[in-house]
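Colleague: Below is one structure. I have some questions about it.
The values are calculated or read from the model by the stated rules, or taken from the named source; none is laboratory data. Bear in mind the structure is a predicted one, so any value in this text is a computation, not a measurement. Virtual Cβ from ideal backbone geometry, glycine too; neighbours counted across all protein chains shown.
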Amino acid sequence: MSKQDLSQLTIVIPTVSRPRFILRQFEYWRSTSANIVILDGAQLPIEIPLSLQAPNIRYIHTGTRFNERLATASQYVHTEYCALLCDDEFFTVSGLQSAIQRLEVDESIVGCVGRSLYFFVDQGRFLLKDAYREWRPFSQAATDLMRRLDEDLPPNKTHKAQFAVMRSVAWKSMYESAYATYFSSGYTYERILNLQRTIIGRTELLECLLWFRSMENPPISNESVPRVAGRDFLSWARNPEFASEVAGYREIARSLLLAAGLPLSDALRFEERFFVDGVQQTVIRKSKFRKRFRDKFRQQLLVWSPKRMRLFVKRHLPNRLLAISGWQGYEIDKMCVSLAERGTEFDRDEIEIIRKLSLKTAGRSVERAG
């Protein structure tokens, strides 16, 4: 396989009502050999200009719910490897190639993830920040199911599998079951997905830049995939209104563990770690986040007058995420130095391509509702 050959990879991109970001995907992927499948759940299809269309990119307007699109996406996957990608995000070609090469030489692993950067455009500047550096790999000893479950389930944690490059057999199985049932919180699916990944086999964390995580848009939240207004995972899990959904959710987890051959006592024990300890872990994480935000806000109040504070916010914290988290991104040069110091492989030219497309997208008109 040549360095640029991605013909054995399918990338599934679900979308709804974000046409300018879909056009950006056409621009990015049309010069590659990767097989791109875009599944649009909007009411009306997007018009794709002839100048952007490419034989390796399929745009399919389904008009169906988010979970239905992903539960049935396997019908469009006819390659050896597969991955999911958000409609406003990027994979690097070099990172994808590294993942595929690793999978080709080691049959004991079912997928690979790489390093990630947040990116966004702020007042004409393309900015970056390290993402998910807390991710941990499975140990080399995690070849058996019990060991993998112990390393991945709360209070322990490895790395997410939602955006891993997977062997297609594993990917299809994971997505067909994880998204088969609709839940009233959009944050439920990836937890089941991670659990099933851990059951199927070990994924590997590569020290190469693979995934660019967009901070350009808030997460899509609608009836199809609700995420706000009491539909975050914690609120959903605690709301008596959704008690039957929660019970069904837990039953799916137990069924997956039992189907993997675990004795009932072990399946019940790991399911409790998956759900009960998972809820508690979310409580702790949110509490720490609120404390960091309160402490930073108090510090700023002590330092800045109201006028200077407003000026500071306008100049430095216009982004939605920055406004609540307090961190800023870095220019490409500084980010490349940081990646090199951490030993993360990357291609500077690829980052420049993503920068240009992001700046171009930021200059386009506001997209229609869908």
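Colleague: Specify the residue that is surrounded by the most Cβ atoms within 10 Å (Cβ to Cβ); the eligible residues are those in region 223-247 that are under 18 Å from the mean Cα position of the chain (by Cα) and in a loop (DSSP other than H, G, I, E, B).
Modeller: V225
Each row is one residue, and each column tells you yes or no for (1) more than 26 Å from L357 (Cβ to Cβ); (2) β-branched (V, I, T).
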site: A71; (1), (2): yes, no
site: Y81; (1), (2): no, no
site: E89; (1), (2): no, no
site: V93; (1), (2): no, yes
site: L96; (1), (2): no, no
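Colleague: Which residues, taken from region 25-35, are buried (at least 22 other Cβ atoms within 10 Å of the Cβ) and within 24 Å of A362 (Cβ to Cβ)?
Modeller: Answer for region 25-35, where residues must be buried (at least 22 other Cβ atoms within 10 Å of the Cβ) and within 24 Å of A362 (Cβ to Cβ): Q25, W29.
Colleague: In contact with a helix residue (DSSP H, G or I) (Cβ under 7 Å, 6 or more places away or on another chain), crowded, with 22+ Cβ neighbours inside 10 Å and not in a strand (DSSP E or B): does that describe L39?
Modeller: Numbers: in contact with a helix residue (DSSP H, G or I) (Cβ under 7 Å, 6 or more places away or on another chain): yes; crowded, with 22+ Cβ neighbours inside 10 Å: yes; not in a strand (DSSP E or B): no.
Against the criterion (in contact with a helix residue (DSSP H, G or I) (Cβ under 7 Å, 6 or more places away or on another chain), crowded, with 22+ Cβ neighbours inside 10 Å and not in a strand (DSSP E or B)), L39 does not qualify.
Colleague: Out of the residues in region 192-222 that are in contact with a helix residue (DSSP H, G or I) (Cβ under 9 Å, 6 or more places away or on another chain) and over 27 Å from V93 (Cα atoms), which is surrounded by the fewest Cβ atoms within 10 Å (Cβ to Cβ)?
Modeller: First, pick out the residues of region 192-222 that are in contact with a helix residue (DSSP H, G or I) (Cβ under 9 Å, 6 or more places away or on another chain): 192-204, 206-212, 214-218, 220, 222.
This time we only want the ones that are over 27 Å from V93 (Cα atoms), so: 192, 195, 199, 222.
Working: I192: 21, L195: 25, I199: 21, N222: 15.
Selected residue: N222.
Colleague: Looking at region 319-351, which of its residues are in a loop (DSSP other than H, G, I, E, B) and either at pLDDT 75 or above or of a type in the set (D, E) (or both)?
Modeller: Residues of region 319-351 in a loop (DSSP other than H, G, I, E, B): 319, 326-329, 331, 343-344, 346-347.
The answer is G329, E331, G343, T344, F346, D347.
Colleague: Name the one entry in D87, D130, D106 that is under 20 Å from I22 (Cα atoms), surrounded by fewer than 23 Cβ atoms within 10 Å (Cβ to Cβ), touching a residue at least 12 places away in the same chain (Cβ under 8 Å) and in contact with a strand residue (DSSP E or B) (Cβ under 9 Å, 6 or more places away or on another chain).
Modeller: D87
Colleague: Then there's this: For region 147-166, does any single residue satisfy the condition of being closer than 18 Å to L193 by Cβ, of a type in the set (S, T, Y) and surrounded by 17 or more Cβ atoms within 10 Å (Cβ to Cβ)? Walk me through how you get there before you give the answer.
Modeller: Let us first name the residues in region 147-166 that are closer than 18 Å to L193 by Cβ, namely 148-149, 151-154, 156-166.
Next cut, of a type in the set (S, T, Y) only: 158.
Okay, now just the ones that are also surrounded by 17 or more Cβ atoms within 10 Å (Cβ to Cβ), so 158.
Within region 147-166, one or more residues are closer than 18 Å to L193 by Cβ, of a type in the set (S, T, Y) and surrounded by 17 or more Cβ atoms within 10 Å (Cβ to Cβ).
Colleague: Which members of region 116-132 meet the condition of being touching a Leu at 6+ places or on another chain (Cβ under 9 Å) and polar (S, T, N, Q)?
Modeller: Once the filter is applied, which keeps residues that are touching a Leu at 6+ places or on another chain (Cβ under 9 Å) and polar (S, T, N, Q), region 116-132 yields only S116.
Colleague: Now for a separate question. Working only within region 44-65, note down all residues that are exposed (fewer than 13 other Cβ atoms within 10 Å of the Cβ), more than 17 Å from F21 (Cβ to Cβ) and not hydroxyl-bearing (S, T, Y). Spell out the reasoning first.
Modeller: The initial filter retains those residues of region 44-65 that are exposed (fewer than 13 other Cβ atoms within 10 Å of the Cβ), namely 47, 49-51, 53, 55, 60.
Pick out the ones that are also more than 17 Å from F21 (Cβ to Cβ) and you get 50-51, 55.
Of everything in region 44-65, those that are exposed (fewer than 13 other Cβ atoms within 10 Å of the Cβ), more than 17 Å from F21 (Cβ to Cβ) and not hydroxyl-bearing (S, T, Y) turn out to be L50, P55.
Colleague: I'm trying to understand the selection: among the residues of region 193-220, which are within 19 Å of the chain's Cα centre (by Cα) and over 26 Å from D130 (Cβ atoms)? Before you say what the answer is, go through the steps one by one.
Modeller: Step one: filter region 193-220 for residues within 19 Å of the chain's Cα centre (by Cα), giving 193-198, 202-220.
Selection gives L195, Q196.
Colleague: Restricting to region 70-104, give me the number of residues that are touching a Gly at 6+ places or on another chain (Cβ under 6 Å) and more than 20 Å from F346 (Cα to Cα).
Modeller: Here is the first cut: in region 70-104, the ones touching a Gly at 6+ places or on another chain (Cβ under 6 Å) are 95.
Narrowing further to those that are more than 20 Å from F346 (Cα to Cα): none.
The number of residues fulfilling the criteria is 0.
Colleague: I need the full set of residues from region 199-209 which are in a strand (DSSP E or B) and in contact with a Leu (Cβ under 7 Å, 6 or more places away or on another chain), in order please. It would help to see each step written out before you state the result.
Modeller: Applying the first criterion (in a strand (DSSP E or B)) to region 199-209 yields 202-209.
Across region 199-209, the qualifying residue is only L209.
Colleague: Go through region 209-235 and give me each residue that's within 17 Å of N67 (Cα to Cα) and either of a type in the set (G, A, S) or modelled with pLDDT of 95 or more (or both).
Modeller: S221, S224
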